[in-house]
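Enquirer: Quick one: the structure is below, questions incoming.
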Amino acid sequence: MTRPRTGPVLTASDYQHLARDLVDPDVWDFIEGGAESERTLAANVAAFDRVRLRPRVLTDVSTVDTTVSLFGADFATPIGVAPTAYHRLVDAEGEVATAQGAGAAGALFVVSVFASRTVEDIAKASTGGLWLHLYWLSRRDVLADLIRRAADAGYQALLLTVDAPRIGRRWRDMRNGFAIPGDVTAVNVDEAVMAVTHRGGTGRSAIAEHAAQSFDQTVTWADLAWLRSQTSLPIVLKGILTAEDAALAVEHGVDGIVVSNHGGRQLDGAVAALDALPEVVDAVAGAMPVLFDGGVRRGTDALVALALGARMVLLGRPPLWALAAGGADGVAGLLQTATGELAHAMALTGRPRLADLDRTVLSYRVGGER
């Protein structure tokens, strides 16, 4: 793929603008789209626009520390890469390049179950932390095999998406009859399980049809015991939006949760992820780390989520923009830019350490409640 010569790339939106001209339009809609009218997709970003910061002054900010530890691993930044599928849709090296970029930035990379490179090749390319993401497939033998392979390859945790018993109605994909091209495959999953992802058709999404055939819609909290029996790795649940489910996560002994509405791709009209974050953090009450994704586009957005109690912030679409625009170097550049923006905002708010970030940084509560 030829990459155009451009001026300086200074923000995530710069990567977005570059990527749009390089990515097939149907693939672009797959990446950018949300569920139905995309109200929640828009709400995720808009939630940050309601927040103002309360800077403190005359604080020594000559050194700003963005390092964070999670499950015994150290990261240079609390901004990581969320699980997204099929990175070879935008770059020939796919998740290998993403891993290289994340490692260069000292950031966490959560590798999707539907990655288009093997978990082993990704691990060999990585110099940073790796977690493996899972959907709960009906084929538990497939899950068990992936969990074993991830542990053998040195992955540090499992992240289970729990908000997708079925895939949201994504009108862009349905209108495009979207299917995964034949030269891009989810190489870590049995080919027979993934075959339908390559069969598009007018008015339907191959991604949704695959989920309907392959995802286990009977799963309940009780099934987490089976997952725990398969691994000694930490288990993190992604897709928690309520205090009630946060309390159940604590009750069932999981190791962490991610406050997320799947980037607005599941239930249209669901609460913005940022608006859900305070109640989830309060319900957990320090029993486990809370991570966050949804609408983060700059380092100051990350600062807001961290101030509300998130331990780490994950980016979904922006790393794909950066991967399309610049490969591994693009991913590293995006994460370093976002971390630099975070450090700058920490200095200007007078909070030079992540531990200094709390709700006093915010001038009013998320959701507009004063």
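Enquirer: For region 7-16, in order, what is each residue's ³J(HN,Hα) by Karplus, 6.51 cos²θ - 1.76 cosθ + 1.60 with θ = phi - 60°, in whole Hz (x at glycine and Pro)?
Expert: Karplus-based 3J(HN,Hα) across region 7-16 equals x, x, 9, 10, 9, 4, 5, 4, 4, 4 Hz.
Enquirer: Given the -39500 (n - 2.57) contribution per DSSP H run of 4+ residues, what per-residue ellipticity at 222 nm results for the chain, rounded to the nearest 500 deg cm²/dmol?
Expert: Mean residue ellipticity, 222 nm, calculated: -11500 deg cm²/dmol.
Enquirer: Also, quick follow-up: Would you rank ASP358, ASP293, ASP152 by solvent-accessible area, highest first, keeping every protein chain in place and using a 1.4 Å probe? List each step's numbers first, then the result.
Expert: On the way: ASP358 65, ASP293 10, ASP152 115 Å².
Putting ASP358, ASP293, ASP152 in descending order of accessible area: ASP152, ASP358, ASP293.
Enquirer: Relative contact order of region 219-370: what whole-number percent is it, with Cα pairs under 8 angstrom and at least 6 residues apart?
Expert: Over region 219-370, the number comes to 18 percent.
Enquirer: Beyond 19 Å, what share of the Cα-Cα pairs of region 31-128 is found? Please give it as a whole percent.
Expert: Percent of Cα pairs beyond 19 Å in region 31-128: 60.
Enquirer: Per 5 Å bin from zero, what fraction in whole % of the C-alpha pairs of region 194-294 is there, up to the bin with the longest pair?
Expert: 2, 12, 18, 17, 18, 15, 9, 5, 2, 0
Enquirer: Suppose R0 equals 25 Å; then what is the FRET efficiency for ALA247 and SER138 from their Cβ-Cβ distance, rounded to the nearest 0.05?
Expert: Result of the calculation: an efficiency of 0.35.
Enquirer: Let me ask something else. Which percent of the Cα-Cα distances in region 146-244 go past 17 Å? Walk me through the numbers before you get to the answer.
Expert: Working: 3060 of 4851 pairs.
Tail fraction, whole percent: 63.
Enquirer: Also: Can you give the log10 of the normalised intensity I(q)/I(0) at q = 0.25, 0.27 Å⁻¹, computed with Debye over equal Cα scatterers of region 262-331?
Expert: For region 262-331 at q = 0.25, 0.27 Å⁻¹, log10 I(q)/I(0) is -1.11, -1.19.
Enquirer: Moving to a separate point now. Nothing charged except the Cβ atoms of Lys and Arg (+1) and of Asp and Glu (-1): what's the magnitude of the dipole of the chain about its Cα centre? Round to the nearest 20 debye.
Expert: Working: 34 positive and 43 negative charges, 123 e Å.
Computed charge dipole of the chain: roughly 600 debye.
Enquirer: How long are the semi-axes of the equivalent ellipsoid of the chain, defined as square roots of 5 times the Cα gyration tensor eigenvalues? Whole Å, largest first. Provide the component values of the computation, followed by the final result.
Expert: Details: eigenvalues 177, 115, 85 Å².
Taking √(5λ) for each Cα gyration eigenvalue gives 30, 24, 21 Å.
Enquirer: What does the accessible area per residue of the chain come to in Å², with a 1.4 Å probe and no ligands, DNA or RNA counted?
Expert: About 41 Å² of surface per residue is accessible.
Enquirer: Which whole-number percent gives the relative contact order of region 42-192, counting Cα pairs below 8 Å spaced six or more residues apart?
Expert: Normalised by residue count, the contact order of region 42-192 is 21 percent.
Enquirer: Counting pairs of alpha carbon atoms under 8 Å apart in space and at least six apart in sequence, what relative contact order in percent does region 183-252 give?
Expert: 18
Enquirer: Mind jotting down a quarter of the surface of the convex hull over the alpha carbons of region 30-80, in square nanometres, one decimal?
Expert: Directional mean of the projected Cα hull area for region 30-80 stands at 6.7 nm².
The values are calculated or read from the model by the stated rules, or taken from the named source; none is laboratory data. Here the structure is a predicted model, which is why all the values come from computation and not from measurement. Please note: Cβ atoms are built from the backbone with ideal geometry, for glycine as well, and neighbour counts cover all protein chains shown. Quick note on the areas: whole protein, heavy atoms, side chains included, nothing else; ligands and nucleic acids left out. Shrake-Rupley method; radii C 1.70, N 1.55, O 1.52, S 1.80 Å.
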